[in-house]
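Read the structure below first, then the notes.
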Amino acid sequence: MTSISVAVPRETAPGEQRVALVPDAAGRLVKAGFTVTVERGAGAAAFCPDEAYQAAGARLADAATVCAGAQVVLRVRPPSPAEAALVAEGAVLIAFLQPVRDAEVLAILHQRRVTVLSMDRVPRTTKAQSMDALSSQAGVAGYEAVLIGAGALPKFLPMLVTAAGTLAPSTVLVLGAGVAGLQAIATARRLGANVRAYDVRPEVKEEVESLGATFVAAEAVAADARADQGYAKELGEEQQRRQEAALAKHVAEADLVITTAQIPGRPAPRIISEAMVASMKPGAVVVDLAAESGGNCAGSRPGETVVQGGVTIIGPANVASRMPLHASQMYARNVSTVLQYIVKDGAIVMDAEDVIVKAMRVVPEGGR
Ligand code: NAD
């Protein structure tokens with residue numbers, strides 16, 4: 001048994017509704033011997049009441065004291081400078097450090113000798129799969145993107161045969177078939193749409209087809225758009241031109257386009273040009289999940305909805321937070337697995353040579 005103390009502060013980033021531990025996960029940690037302290041109201045926006053944490057064996061505290069003396073602080077988003085100053089000296093902070101990789105916050109944490117483990121750096125390996133919060137949250141975002149798009153469409157997604165006539169199904173085009181894209185495809189299929197999908201990585205064709213979608217334009221772009229660890233890399237100019245030409249017809253025919261393409265460490269690739277937007281049907285909708293990292297679609301703006309020539313372009317921000325209960329439940333599982341991974345025989349053991357720790361740890365510039 002361990003008696004390691006864990007703190008869960010309330011998330012204060014604007015619009016953030018998730019919480020790092022749900023009551024069930026808190027209860028599991030308490031049973032494993034951890035002392036868990038949750039800030040009052042931390043789970044409120046995710047529909048996790050204070051009483052549920054108490055019933056699970058967690059303690060409640062206010063913002064000023066929740067982190068006092070805690071050996072580990074679990075968060076979803078990075079702390080503000082003021083919150084970073086409340087993390088106990090020598091503690092471990094586990095949170096998403098991106099997209100707000102704030103130098104001031106990191107300086108405060110490092111000055112306090114806080115070990116920072118960033119959830120957006122979990123390696124994409126089988127061993128680390130249950131810690132992979134990028135995947136769990138991307139799955140939520142892919143699902144939500146379809147619901148956002150369906151809500152903005154002036155038509156049904158499924159085919160309907162009614163006394164008032166037969167309505168053709170909508171065509172959904174999903175660009176980027178990684179974790180978010182595959183969940184978007186599955187969701188759009190469940191809602192009865194005709195689904196087409198495209199990714200620069202031709203190896204996803206089989207997965208796309210097994211979800212009942214058609215893989216398009218596979219032959220248009222060379223299969224070498226693949227970098228280390230299965231991620232995509234940026235396309236050259238000629239490849240990009242061929243990609244646009246191959247996708248133009250599919251974009252023009254789609255009722256709803258969901259874009260999810262990302263290149264790790266780079267701005268999101270521009271896949272839909274202004275001319276392609278202009279070719280779309282009036283009433284068509286684009287949901288650009290990459291809006292916050294530069295956008296896959298011309299004209300998309302993070303956190304905004306833009307209507308251009310009858311086409312609605314939605315750039316939703318922090319999409320996973322729109323479904324806070326399940327997003328938090330999954331994140332809590334990810335973060336608890338990381339926590340239990342760094343605890344050995346009742347003590348925190350930060351093995352600097354461990355591949356997972358090494359990948360996740362954010363060290364000061366020039367430090368170790
Ligand atoms: P991501 O968010 O980095 O990118 C989303 C998708 O966009 C990717 O499929 C990428 O190929 C695609 N893309 C990039 N440029 C494009 C372009 N110009 N046009 C069309 N599509 C483009 O990716 P992700 O969802 O995080 O997953 C990336 C890879 O990692 C996948 O192979 C996934 O299966 C793998 N993965 C492995 C594990 C694991 O082994 N534990 C976990 C998660 C993901």
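Quick notes
- Listed by chain and number, the lysines whose C-alpha is less than 27 Å from the C-alpha of residue 155, apart from same-chain residues fewer than 8 away, are 249, 281.
- Label point distance in nm, residue 98-residue 112, each placed 7 Å from Cα along Cα→Cβ: 2.5 nm
- The packing ranking, built from the mean of other Cβ atoms within 10 Å per residue, places the peptides 168-178, 319-329 in the order 168-178, 319-329, highest first.
- The calculated FRET efficiency for the pair residue 55 and residue 326, based on their C-beta separation and a Förster distance of 22 Å, comes to about 0.60.
- In sequence order, the stretch 268-278 has phi-based couplings of 4, x, 7, 9, 9, 7, 4, 5, 5, 4, 5 Hz under the Karplus curve 6.51 cos²θ - 1.76 cosθ + 1.60, θ = phi - 60°, and Gly or Pro positions carry x.
- Against the chain, whose longest principal axis is taken from its Cα atoms, helix 237-253 shows a tilt of about 70°.
- Compared with the alpha-carbon gap, the fully stretched path from residue 239 to residue 155 is longer by 26.8 nm at 0.36 nm per residue.
- Computed from the Cβ-Cβ distance with R0 of 41 Å, the FRET efficiency linking residue 40 to residue 304 stands at 0.75.
- Set of the stretch 131-150 residues, backbone N closer than 19 Å to the point 7 Å along the Cα-Cβ line of residue 359: 131-139
- Between amide H atoms placed 1.01 Å from N, distances below 5 Å from residue 61 occur with 38, 39, 40, all of them 5 or more places distant or on a separate chain.
- Three-way shape call for the stretch 97-158 based on the alpha-carbon gyration tensor, with the a/c threshold at 1.5: oblate
- Point-to-point label distance, residue 340-residue 127, nm (Cα→Cβ direction, 7 Å offset): 1.7 nm
- When both the stretch 95-168 and the stretch 293-319 are represented by their alpha-carbon centers, they are found 16 Å apart.
- q = 0.11, 0.13 Å⁻¹, the chain: log10 I(q)/I(0) [Debye, one scatterer per Cα]: -0.79, -1.02
- The residues of the stretch 254-345 expose on average 39 square angstrom of accessible surface per residue, using a 1.4 Å probe on protein heavy atoms.
- Sulfur and carbon atoms: percent of accessible area, the chain [1.4 Å]: 53 percent
- Converting the Cα gyration tensor eigenvalues of the stretch 185-315 into ellipsoid dimensions via √(5λ) gives semi-axes, longest first, of 22, 18, 14 Å.
The values are calculated or read from the model by the stated rules, or taken from the named source; none is laboratory data. This one's a predicted model, so the numbers in the text were calculated from it and none came from an experiment. Cβ atoms come from the backbone with ideal geometry, glycine included; neighbour counts cover every protein chain shown. Just so you know, the surface numbers come from the protein's heavy atoms only, side chains and all, with ligands and any DNA or RNA stripped out. Shrake-Rupley method; radii C 1.70, N 1.55, O 1.52, S 1.80 Å.
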